[in-house]
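The values are calculated or read from the model by the stated rules, or taken from the named source; none is laboratory data. For clarity, every value in this text was computed on a predicted model and none was experimentally measured. Cβ: placed from backbone, ideal geometry, glycine included. Neighbour counts: every protein chain shown.
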Amino acid sequence: MPKVFPFHAAADPVYHDNDQCKKGQEVPLERRLKGNEGKPLCKECAELDQLGK
């Protein structure tokens, strides 16, 4: 399962933790903030995590 340290973007309503997530890949490295800031996990990340991808 390709997990990465949880990250979010300031303007994003969700956080990401899977490097296969297309939405997460769209967040430029320089705009990624560590942690989840209490935001919910991205639906695509959750699905990938559940599938073990």
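Show the residue pairs that are 6+ apart or on different chains and have beta-carbon atoms under 7 Å apart, the first residue being within segment 38-51 and more than 11 Å from residue 6 (Cα to Cα), the second being surrounded by 11 or more Cβ atoms within 10 Å (Cβ to Cβ) and modelled with pLDDT under 95. Between residues of segment 38-51 that are more than 11 Å from residue 6 (Cα to Cα) and residues that are surrounded by 11 or more Cβ atoms within 10 Å (Cβ to Cβ) and modelled with pLDDT under 95, the close pairs are 49/1.
Quick check on residue 43: is it on the phi < 0 side of the Ramachandran plot, surrounded by 11 or more Cβ atoms within 10 Å (Cβ to Cβ) and at pLDDT 95 or above? When the stated conditions are applied, residue 43 passes them. Listed by first and then second residue, the pairs linking a residue in segment 1-14 that is touching a residue at least 24 places away in the same chain (Cβ under 8 Å) and within 16 Å of residue 43 (Cα to Cα) to a residue that is hydroxyl-bearing (Ser, Thr, Tyr) and surrounded by 14 or more Cβ atoms within 10 Å (Cβ to Cβ), with Cβ atoms under 6 Å apart and 6 or more places separating them unless they lie on different chains, are 6/15; 8/15.
Let's see how each residue does on (1) modelled with pLDDT under 95; (2) surrounded by 12 or more Cβ atoms within 10 Å (Cβ to Cβ):
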residue	(1), (2)
3	yes, yes
11	yes, no
23	no, yes
35	no, no
52	yes, no
